[in-house]
1. Which entry in [x] 25; [y] 17; [z] 37 is this structure's computed percent of Cα pairs over 28 Å apart?
2. Count the DSSP beta bridges whose two residues both fall in the chain, then state the antiparallel fraction as a percent rounded to the nearest 5.
3. Count charges around Gly149 for me, please; just the other residues with Cβ under 10 Å from its Cβ, Lys/Arg as +1, Asp/Glu as -1.
4. Of the candidates Leu93, Leu30, Leu186, which one comes out as most mobile in a Gaussian network treatment of the chain with C-alpha springs shorter than 10 Å?
5. Could you tell me the relative contact order of the chain? Use alpha-carbon pairs under 8 Å, at least six residues apart, and round to a whole percent.
6. In what sequence do Thr192, Thr125 fall when counting other Cβ within 10 Å, fewest first?
7. Given the Cα-Cα distance of Val20 and Asp166 and 0.36 nm per residue of separation, how much length would full extension add, in nm?
8. Once the piece of chain linking Ala12 and Val178 is laid out straight, how much longer is it, given 0.36 nm per residue of separation minus the C-alpha distance between them?
Amino acid sequence: MSDTETIRVYDARASEYADVTASSGPDETLQTFMSALPEQARVLDLGCGPGTSAGYMAAAGFEVDAWDASGEMVALAARIPGVTAKQALFSDLTSVARYDGVWANFSLLHAPHAEMPEHLRAIRTALRPGGLFHIALKEGTGDKRDQLGRKYSYYTVETLTAVLQDAGLNPGPFRSGVDMGLDGTLASWISTTAHA
């Protein structure tokens, strides 16, 4: 993500976002993702926010790198034991066969549609053979800014499946739901875990 207005919103509201997304433990999706990883797996939380998911993965014994474009989010994630946090953009990912898993939970939805194929190819390259890639996005079409100023790109199951497959990633079953976001509105979402 490189949209300066979106990053500005997250910098300004990092603590509030951490409160909104706080949980008492990993949800079913994260638990399933972790269960499918090898012991002591190396994982990248790409767009880690305040580091909630990264913290659960570190607590489970995984080696976790956590990246976010927001410096304030990185500062929160860096406080979590076992998490190596770094301020970075999606385009900074140049690793080759470094990770057993990449977790991109409601982060790549801020990437422009035109940039998504490149990001997904970089993720595919960064994964070890058989590696797992989790992605969650808001469901819909087109792109727009929310009332806070954050820019979103929307996907359907069909469009996300196509772009994943084009990058050499094989999506598994999709999940869907509706949740309240930082802007106080309900939004539909889709997610899947793909295999390299």
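Read-outs: derived from the displayed coordinates by stated rules, not from any lab. Here the structure is a predicted model, which is why all the values come from computation and not from measurement. As a convention, Cβ positions derive from the backbone with ideal geometry for all residues, glycine included, and neighbour counts pool all protein chains shown.
1. Matching entry in [x] 25; [y] 17; [z] 37: [y].
2. Rounded to the nearest five, the antiparallel share is 50 percent.
3. Taking every other residue near Gly149 into account, the sum is 0.
4. Taking springs between Cα atoms under 10 Å, the residue moving most is Leu186.
5. About 19 percent, as a whole number.
6. In increasing order of surrounding Cβ atoms, one gets Thr125, Thr192.
7. 49.1 nm
8. Stretched out fully, the Ala12 to Val178 stretch lengthens by 57.3 nm.
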